[in-house]
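Visitor: Handing you this structure, nothing more for now.
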Amino acid sequence: MHVLAAAIYTALSLQSWRTSWRGSPNLVASQLSLGSAGLSGLTLVERISLLVALAAHAISIRMAIFDGAQMHFGFAIALSVMVWLAIVLFWIESFFARLNGLLALGLPAAALTSLLPALFTEPHILANASSPALRLHLLAAMLAYSLFTLAALHALLMAVAERGLHRGKISPWLASLPPLLTMEAILFRLIHIAFVLLTLTLVSGVFFSEDLFGKALKFDHKTVFAIISWLIFAALLIGRHLRGWRGKVALRWTLAGFVALLLAYVGTRFVLEIILNRST
């Protein structure tokens, strides 16, 4: 299933990049600034193919996480789940907006991360795997990670598009993007929802730490980086509502918050499992 998902993701990625490079740079710049229709969204065949890849990816993730009564969840699985959820959310959002530029960036990442659980064995076994509180905590955390991943990709695309507009032209592969104002609205919608989920993750971790992990909460690297990320996104949303933050300021805060969040769990587990070769 890992190989099947990666193969379909790769094929769709190549198709997306091939079709995205058609068009005139000046026309693309005009579309981004004026909000014209641009290229069409996903075709029916592409939608079905992506759905098949997502299903295969989901099955491979389930097989990697659950091993009888045990539940594995290390850095490789976390990255795979995070990107899988991001592509699922993209697939849903693509019915309402042209986000082919995100697809061109997200599919290569999905192809790579779908293979990670098969390449890296997961020594980290979660305690209390049958606990509903733990599963709710993980679900909220992974949804928050995934939405912030989409937001970070969105921010990168906006930065590239904005720079191209200032120069009067832009690469043809960005032709499928909606207008910058629409992209900004989507960005903050993603951040608002993800912030609520991140808050739920932190609250559940604080109040149910004993039940979730079998020990009282301690301020380790994971907790510290998660709180830093929460503070960064809280400041961004406050700045947005009170001072109208947008453009480069909003993009920098978004990327800074995402980097902090990535270091919180994925970075910590990577250091423990790969660099230090420890399961706890």
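The values are calculated or read from the model by the stated rules, or taken from the named source; none is laboratory data. As the structure is a prediction and not an experimental result, all values here were calculated from the model. Every residue, glycine among them, receives a Cβ derived from its backbone with ideal geometry; neighbour counts consider all protein chains shown.
Visitor: So which residues in region 236-266 are among the aromatic types (Phe, Trp, Tyr) and assigned to a helix (DSSP H, G or I)?
Guide: Trp253, Phe258, Tyr265 - these are the residues of region 236-266 that are among the aromatic types (Phe, Trp, Tyr) and assigned to a helix (DSSP H, G or I).
Visitor: Of (1) within 22 Å of the chain's Cα centre (by Cα); (2) aliphatic (A, V, I, L, M); (3) at pLDDT 85 or above, Val45 satisfies all except one. Which?
Guide: Among (1) within 22 Å of the chain's Cα centre (by Cα); (2) aliphatic (A, V, I, L, M); (3) at pLDDT 85 or above, the lone unmet condition for Val45 is (1).
Visitor: Sticking with this structure for a sec: Name the residues in region 183-222 that are surrounded by fewer than 14 Cβ atoms within 10 Å (Cβ to Cβ) and either modelled with pLDDT under 80 or outside any helix (DSSP H, G or I) (or both), would you?
Guide: Across region 183-222, the qualifying residues are Val206, Phe207, Glu210, Gly214, Lys215, Ala216, Lys218, Phe219, Asp220.
Visitor: Taking region 57-89 on its own, how many of its residues are closer than 14 Å to Tyr145 by Cα and out of contact with any Ser or Thr (no Cβ under 9 Å at 6 or more places or on another chain)?
Guide: Count: 2.
Visitor: Between a first residue in region 147-167 that is farther than 13 Å from Leu190 by Cβ and a second residue that is among the hydrophobic types (A, V, I, L, M, F, W, C) and at pLDDT 80 or above, which pairs have beta carbons less than 6 Å apart while being 6 or more apart in sequence or on different chains?
Guide: Sorted first by the residue in region 147-167, then by its partner, the pairs are Ala159/Leu251.
Visitor: When region 223-247 is examined, which residues are found to be at pLDDT below 85 and either closer than 16 Å to Ala151 by Cα or buried (at least 19 other Cβ atoms within 10 Å of the Cβ) (or both)?
Guide: Arg246, Gly247
Visitor: Further question on the same structure: I'm checking my understanding of the structure. Among residues of region 248-276 that are within 23 Å of Leu187 (Cβ to Cβ) and among the charged types (D, E, K, R), which one is modelled with the lowest pLDDT?
Guide: Ranking the qualifying residues of region 248-276, first place goes to Lys248.
Visitor: Tally up the residues in region 12-27 that are among the hydroxyl-bearing types (Ser, Thr, Tyr) and either modelled with pLDDT of 85 or more or within 25 Å of Ala55 (Cα to Cα) (or both), please.
Guide: 3
Results for (1) more than 19 Å from the chain's Cα centre (by Cα); (2) crowded, with 19+ Cβ neighbours inside 10 Å; (3) at pLDDT below 75; (4) among the small types (Gly, Ala, Ser), shown as yes or no for each residue.
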| position | (1), (2), (3), (4) |
| --- | --- |
| Thr10 | no, no, no, no |
| Ser33 | yes, no, yes, yes |
| Leu51 | no, no, no, no |
| Ala64 | yes, yes, no, yes |
| Met71 | yes, yes, no, no |
| Val81 | no, yes, no, no |
| Val88 | no, no, no, no |
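Visitor: Determine if region 158-170 includes at least one residue that is on the phi < 0 side of the Ramachandran plot, in a helix (DSSP H, G or I), crowded, with 22+ Cβ neighbours inside 10 Å and at pLDDT 80 or above.
Guide: Yes; the residues of region 158-170 include at least one that is on the phi < 0 side of the Ramachandran plot, in a helix (DSSP H, G or I), crowded, with 22+ Cβ neighbours inside 10 Å and at pLDDT 80 or above.
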